[in-house]
Amino acid sequence: MTTNNYSDLTYDQAVDLAMSLADFERTTNWPGHSFFHLERVQMLAERLGDVDKAVPAVHVAGTKGKGSTCALITSILTQAGYKVGLFTSPHLHSVCERIRVGLEPISTTDYAALIGQIWPAVKSVERDGEYGGVSFFEMLTGLAMAHFRNIGADFQVLEVGMGGRLDSTNIVTPEVSVITSISLDHVNVLGDTIEKIASAKAGIIKDKVPCVVGPQAESDAMRVFERVSEEHKARLISASDRFKWDVGSSDIHGQEITLIGSDKTYSLWTPLLGDYQAENVATAVATAEVLIEKGYDIPADAISAGVSSVSWPGRFEVFNIDGKTVVADGAHNPYSVARLVENLRGYVQFDGVILVYGALRGHSARDMLTELDVLDPSIVAVHSRHPRSSHSEEVAETVRDLRMNLVSRFESVAEGLRKAVEIAGPSDLVLCTGSLAVVAEVLEEIHGIEPELYENLKGPRPRS
């Protein structure tokens, strides 16, 4: 764009403008920690009218389940009658999914208007600041907070993009901080031990702000959270200590979960599948109880209704295509893949497995495939549009090295899915996993969704 008038942007123009910023979700070159300065996004927030202080926040970090937990918290607060802004990443099909009111993405019209509103501030930070230009994610953080202020939201639920301490969302002082399950992920950025990763996530813990911690498979992570909370005089609330839980009857439509606390029991149903979702539900309900303790009105029936009405696509979704059972799940690290494998037979019955698999570089493809090997799958290697996606031949080489059964490879997820459904027997399962990018393209093929394609992915993006 050559115009300096940002007040009347089309959606296409707004997306192109936003995508002109540095985008480290899609780049193949990570700049290192020296690039990231909270001072830069803090300056942006100030120039937008201190938007980080305008709406009470719930701030959520973690490795596994943070998106589902954010959605659960948002759904509970919405059912309690609050207007709730939700900021998450990445998106599946459209950038508008990252900024929601309740669980509903903002419109393309609102997105374009917001870009027009904040762009002068974005450019002024680049011009006047000491730390360079605002990144794509930093811009979206400011945009989301500005929107939530504009609409008079009662809460903003903010998902950390990566890590915690240096994440652009960490400019808020929330009502409550939340840290979900920690496992090894993004080790090239956050560190190669649980302690290092937990320390990065613990960077969201603020002075005297209560912090809810979800169930942790590693005691090393919990020790880090206890130490940092003590340093900040922040009350630490362990979801595992607050609740015991039991997963009851379940099918492909949902599952019953009973949370048993010291003075309250919740009998819940959720459409989110997998026994690990009980951990996310417990974490979300513990968060709601902390907000109740702080004086917010959140009735028990709102908690029940919120858990039952939540929607979070791309996580253990079950479909029927041409009589074949298809499961799509965005698991993208060895721990989450292992939990997925453990849960499959609790929801679907199958003999053989046709695996549609692709991964992003840096996401431990070999270790994920090792976890999947117990299924003895026939593998269709695929390559998603994401520029950090491993090419199908790279995936195929890993499969061969592990002596697993490679049946085909495609430079398209849609083609790989069609091939897997074609070769699957009537009692076979087609399992699609390895990254959210792969799952997004699976959902696009199943539902006929037309995605946004960006110049720095594989474009050009279709014009509306």
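In table form, for the structure just shown:
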read-out: Highest average packing first - 441-454, 289-302, Cβ atoms within 10 Å; value: 441-454, 289-302
read-out: Links that overshoot a 30 Å alpha carbon limit, given the list 64/123; 233/264; 66/419; 244/294; value: 64/123; 66/419
read-out: Cα-based shape type of segment 255-333, given that a ≥ b ≥ c are square roots of the gyration tensor eigenvalues and the cut on a/c is 1.5; value: prolate
read-out: Probe 1.4 Å - accessible area at residue 401, Å² to nearest ten; value: 100
read-out: Whole-percent carbon and sulfur share, accessible surface of the chain, 1.4 Å; value: 47
read-out: Surface accessible to a 1.4 Å probe, residue 391 within the full protein complex, Å²; value: 80
read-out: R0 of 30 Å, Cβ-Cβ distance residue 253-residue 123: FRET efficiency to nearest 0.05; value: 0.05
read-out: Extension gain, residue 235 back to residue 264 (0.36 nm per residue minus Cα-Cα distance, nm); value: 8.4 nm
read-out: Point-to-point label distance, residue 223-residue 400, nm (Cα→Cβ direction, 7 Å offset); value: 4.4
read-out: Residue 6 accessible area, assembled protein chains, probe 1.4 Å, Å²; value: 40
read-out: At 1.002 mPa s and 20 °C, Stokes diffusion of segment 309-447 via Kirkwood alpha-carbon radius, µm² per second; value: 149
read-out: Potential lengthening between residue 422 and residue 297 on full extension [0.36 nm per residue; Cα-Cα distance subtracted]; value: 39.8 nm
read-out: Segment 66-160 shape via C-alpha gyration tensor axes, a/c threshold 1.5; value: prolate
read-out: Average accessible surface area per residue within the chain, 1.4 Å rolling probe, Å²; value: 39
read-out: Reciprocal mean inverse distance between Cα atoms of the chain - Kirkwood radius, Å; value: 22.7
read-out: Estimated FRET transfer efficiency (residue 50, residue 207; beta-carbon r; R0 22 Å; 0.05); value: 0.70
read-out: Extension gain (nm, one decimal) between residue 193 and residue 311, 0.36 nm per residue minus Cα-Cα; value: 39.2 nm
read-out: Exposure ranking of 21, 103 by accessible area [1.4 Å probe, largest first]; value: 103, 21
read-out: Ellipticity estimate at 222 nm from DSSP helix runs (n ≥ 4, -39,500 (n - 2.57)) divided over the chain, nearest 500; value: -11500 deg cm²/dmol
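The values are calculated or read from the model by the stated rules, or taken from the named source; none is laboratory data. Quantities reported herein were computed from a predicted structural model and do not represent experimental measurements. With ideal geometry, Cβ positions are generated from the backbone for all residues, glycine too; neighbour counts draw on all protein chains shown. Ligands, DNA and RNA are stripped out before the accessible areas are found, and what is left, the full protein with its side chains, is counted by its heavy atoms. Shrake-Rupley method; radii C 1.70, N 1.55, O 1.52, S 1.80 Å.
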